[in-house]
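J.: Attaching a single structure in structure tokens format; questions to follow.
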Amino acid sequence: MTISGRVWAFGDNVSADNGIIQYSQVPDLGSFDIPALKAMLFVLLDPDFPQKVGEGDIVVAGRNFGHHSHPHACVAMRESGIRACVVESTDSAFIRKGLNNGLPIVPCPGIMQIAGTGDRLEVDLVSGVARNSKTGEERRFRPYAESMLQVWRLGGLAPALKERVSAAGL
Amino acid sequence: MRRMGQSVVQKIIARAAGRETVEPGEYVTVTPDYTCCQDISWPARKRIMEQAGVTRLAHPEKLVLVVDHTTAAGMGSPYHRNHGEMRDFAEKHGANYFGPGSGLRHQVLVEQGFARPGTLVFSDEPNIASIGVVGALNIAISTEVVVTSVLNENWMVVPRPIRFTLTGRLAEGVHIRDLAQAIIRDYAETDLLSQGCIEYDGEGVAGLSLDERQTLLACTYHAGPDTALMPVDEAALAYTRSRADGRPFEVFEADADAEYAYEASFDLGALEPLVTVPPELHTVSPVGEVAGLRIDQAAIGTCANGRMDDLRAAASILRGRRIARHVTFYVTPGSREIYAQAGREGLLSILAEAGATILAPGCTTCWGYEGVLNDGEVSISTHQMNYHGRNGSRLARAYLASPITVAASALAGAIVDPRGDPALRRDAA
């Protein structure tokens, strides 16, 4: 199953809490205020981003993407229509927070060399390939394990747990 | 095929995965020894389990529930309900429960002997890497604590092994916390440590107490890695034996041909007192550059600096002296055991007589649950975070430093360089 979409590219060191969103400006940390989160998505880097982003888009970014994260950044991206993040590097906690919210985030060294804003990218989590639809250039990444793919296919942690609990008879 | 040399983190994960070896970057399924959760996010975790139709846990004895974020659930606070819900859940399922005042998860895990050499702990916080002091591996998985609680397994990424070698000894007035802040300054804005596990070693480690090692481990995540470990030496082993209560453990050492993705060396003797300037963690200044800034609040505690050595350091500065009149000073022992020991050593009375407010063991001021800051107020503390709004008002400013610098600043009423304080010389003599 391939994710295909329009690319928005960002640079290095985009922090989750002070870059993807502004955690200190989230009105209520105890719940996800979706309109507020969507309105602050990437505005520190691109003030019009919330108006431009759309369903099925893909974020491409440089090194150290999403460090110091709370899950709010992932919820903001998913609710704004973003379906994958393909980045030079990120931390494991952010991969988890993304996947748990149904948003795959993959470290893929070299991605910035083959994809920029406006390109179309195809991302195959099973085979571990990101491909620029126009130029055909590819970069490989470590494919998600089957248990991770299951979480992604079912849309996040909660539905995936329900499925597994039912299968395990717990 | 040549067997690749394995570092300590790889060996711990290989054991938990039932494998001979694992490769850095690999996604593997592992069975943890324990899963540890806190109170503030418990209702959300419980809701996910209920929605999934969970009726029993695969291994309830592996679940450790600790009330540490909302110890003082007073009138008007919604948190007393969490305490009750956690306690009832633990009772119903046979899980481990440590109620308000027991201490931070970081501390409960080592004191109660859950964290032992070679154990893998899935927790809801990366700073619990402090359990690496006894060679236990913390992997922070946030909401997925429900997965491991229920199913007794989960996926993880094998971290890239990183080696940090410590040499030398800390100078007077300098604390291991200063090294933690220097590492964050140098690495947080890079990806050199990303998806890594720092394995500390070197003669510098041998000169550090177990408390000091936990300070460094608890802060390391903010520099970028997933987790961190210390070598299990005689001191760590003796502590483990006193806590394990017969439960098994296995000490792993890195193979001589283990490969590290990145290596660096740090001379403890070359460090100076540092202050992290808000609102970022990587903006760190020598204390001299911010000295003289008037403070309203000082706080010592947290998973970084709530241990005996931290309280002793603060008391040695404050013995027989009185903090500045305009300063509110909170001290939070990291656990009930530390609280009691600090009492036996006379530290609590020294701190109280100096003007400190001693809080019940827990996270307290670190996330603004207690000691809330007003607009324009300035604090200096051993907290872990400093972003705007962390401790109350978004217009307050939160500076971070070692317990020595914090205690000296509380005394002066302004940020000061603790070196040269007569109390330090008195102690040295």
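The values are calculated or read from the model by the stated rules, or taken from the named source; none is laboratory data. Please read all numbers here as calculations on a predicted model, not as lab measurements. Methodologically, a virtual Cβ is constructed for each residue, glycine included, from the backbone with ideal geometry; neighbour enumeration extends over all protein chains shown. Calculation scope for accessible area: heavy atoms of the full protein, side chains included, ligands and nucleic acids excluded. Shrake-Rupley method; radii C 1.70, N 1.55, O 1.52, S 1.80 Å.
J.: Where does the charge balance sit around B:S123 when Lys and Arg score +1, Asp and Glu -1, over other residues with C-beta under 14 Å from its C-beta?
T.: Local charge sum for B:S123: -3.
J.: Further question: So if I take the centroid of the Cα atoms in region B:315-375 and the same for region B:278-300, what is the distance between those two points in Å?
T.: 19
J.: Could you check how much of the accessible area of region A:18-170 is carbon and sulfur, as a whole percent, using a 1.4 Å probe?
T.: 49
J.: Using helices alone, what [θ] at 222 nm do you get for chain A, with -39,500 (n - 2.57) per DSSP H run of 4 or more residues, divided over all residues and rounded to the nearest 500?
T.: My calculation for chain A gives -8000 deg cm²/dmol from helical runs alone.
J.: Probe radius 1.4 Å, ligands and nucleic acids left out: can you give me the accessible area buried at the B-A interface, summed over both chains, in Å² to the nearest hundred?
T.: Using a 1.4 Å probe, the pair buries roughly 3400 Å².
J.: Compare the Cα positions of B:A264, B:L208, B:V134 along the charge dipole of region B:8-266 (+1 at Cβ of Lys, Arg; -1 at Cβ of Asp, Glu; about the Cα centre) and return the one farthest towards the positive end.
T.: Positive-end residue among those listed: B:V134.
J.: Count neighbours as other Cβ atoms within 10 Å of each site's Cβ, and list the chymotrypsin sites (Phe, Trp or Tyr not before Pro) in region B:318-409 that are DSSP loop with at most 12 such neighbours.
T.: none
J.: Considering only protein heavy atoms and a probe of 1.4 Å, how much of the accessible area of chain B is carbon and sulfur, as a whole percent?
T.: Ligands and nucleic acids excluded, carbon and sulfur reach 49 percent.
J.: For region B:8-266, state the average projected area of the convex hull of the C-alpha atoms over all orientations, rounded to one decimal in nm².
T.: Averaged projected hull area, Cα only: 14.8 nm².
J.: Still on this structure: How big is the dipole moment of region B:8-266 about its Cα centre under a simple scheme where the beta carbon of each Lys and Arg is +1, that of each Asp and Glu is -1, and everything else is neutral? Debye, nearest 20, please.
T.: 960
J.: Springs between alpha-carbon pairs under 10 angstrom, Gaussian network model over chain B: which of B:G204, B:G306, B:G101 fluctuates most?
T.: Answer for the Gaussian network model of chain B: B:G204.
J.: Same structure, new question: Quick one: check the C-alpha center-to-center distance for region B:1-76 versus region A:95-170, whole angstrom.
T.: Spelled out, the Cα-based centre of one part sits 22 Å from the other.
J.: Continuing with this model, one more query. Per residue of A:89-100, how many C-beta atoms from partner chains lie within 10 Å of its own C-beta, taken as a mean?
T.: 6
J.: Something else now. Report which residues of region B:387-405 become buried by 30 Å² or more of accessible surface when going from the isolated chain to the complete set of protein chains (1.4 Å probe; DNA, RNA and ligands ignored).
T.: B:Y387, B:R394
J.: Output the residues of region B:165-211 meeting this criterion: accessible area (heavy atoms, 1.4 Å probe) in the chain alone minus accessible area with all protein chains in place is 50 Å² or greater.
T.: B:E189, B:D191, B:Q195
J.: Total Lys pairs in chain A closer than 26 Å by alpha-carbon, pairs eight or more apart in sequence or interchain only?
T.: 5
J.: Per-residue accessible area for B:L170 at 1.4 Å probe radius, Å² rounded to 10?
T.: 40
J.: Does region A:107-153 come out rounded, prolate or oblate by the C-alpha gyration tensor, with a ≥ b ≥ c the root eigenvalues, rounded set by a/c under 1.5 and, if not, prolate when a/b is larger than b/c and oblate if not?
T.: In terms of gyration-tensor shape, prolate.
J.: Taking the simple approach of a point 7 Å from Cα along Cα-to-Cβ for both A:A167 and B:R321, what is their distance in nm?
T.: About 6.2 nm, to one decimal.
J.: How about region B:188-276: which GluC sites (Glu not before Pro) there are in a DSSP loop, with at most 15 other Cβ atoms within 10 Å of their Cβ?
T.: Here the GluC sites (Glu not before Pro) that fit, given the DSSP loop and packing criteria, are B:E250, B:E253, B:E259.
J.: In region B:49-63, what residues drop by 40 Å² or more of accessible area when the other protein chains are put back, versus the chain on its own? Use 1.4 Å, and skip ligands and nucleic acids.
T.: B:A52, B:R56
J.: Also, I was wondering about something else. As a test of the formula, what do you get for chain B when each DSSP H run with n ≥ 4 contributes -39,500 (n - 2.57) and the sum is divided by the residue count, at 222 nm and rounded to the nearest 500 deg cm²/dmol?
T.: -9000 deg cm²/dmol
J.: Here is a further query. Does chain A come out rounded, prolate or oblate, given a ≥ b ≥ c as the square roots of the eigenvalues of its C-alpha gyration tensor, rounded meaning a/c under 1.5 and, failing that, prolate meaning a/b above b/c?
T.: oblate
J.: Could I ask something else about it? In Å, what Kirkwood hydrodynamic radius results for the protein assembly as shown from the alpha-carbon pair distances?
T.: Result for the protein assembly as shown stands at 24.5 Å.
J.: Can you tell me the orientation of helix B:210-220 relative to chain B, as the angle in degrees between its alpha-carbon axis and the longest Cα principal axis, to the nearest 10?
T.: Approximately 80 degrees, to the nearest ten.
J.: Show me the trypsin sites (Lys or Arg not before Pro) within region B:287-349 that DSSP assigns to loop and that have at most 12 other Cβ atoms within 10 Å of their Cβ.
T.: B:R322, B:R325
J.: Can you give the accessible area per residue of the protein assembly as shown, in Å², using a 1.4 Å probe?
T.: Normalised by residue count, the accessible surface of the protein assembly as shown is 36 Å².
J.: Given a Förster radius of 51 Å and the C-beta distance between A:E55 and B:R425 as r, what FRET efficiency does 1/(1 + (r/R0)^6) yield to the nearest 0.05?
T.: Given R0 = 51 Å and the Cβ-Cβ separation, E is 0.15.
J.: Shifting gears a bit: What's the center-to-center distance, using Cα atoms, between region B:177-217 and region A:1-78 in Å?
T.: Taking the Cα centre of region A:1-78 as reference, the centre of region B:177-217 is 30 Å away.
J.: Net charge near B:A218: determine it from the other residues with C-beta under 10 Å of the C-beta of B:A218, scoring Lys and Arg +1 and Asp and Glu -1.
T.: +2
J.: Okay, moving on. Which of A:L154, A:L125, A:L99 moves the most in a Gaussian network model of chain A with Cα springs under 10 Å?
T.: A:L154
J.: Relative to the longest principal Cα axis of chain B, at what angle does helix B:308-318 sit, 0 to 90 degrees, rounded to 10?
T.: With both axes taken from Cα atoms, the answer is about 0 degrees.
J.: If you don't mind, there's one more thing I want to ask. How would you order B:116-122, A:20-26 from highest to lowest mean count of nearby Cβ atoms within 10 Å?
T.: B:116-122, A:20-26
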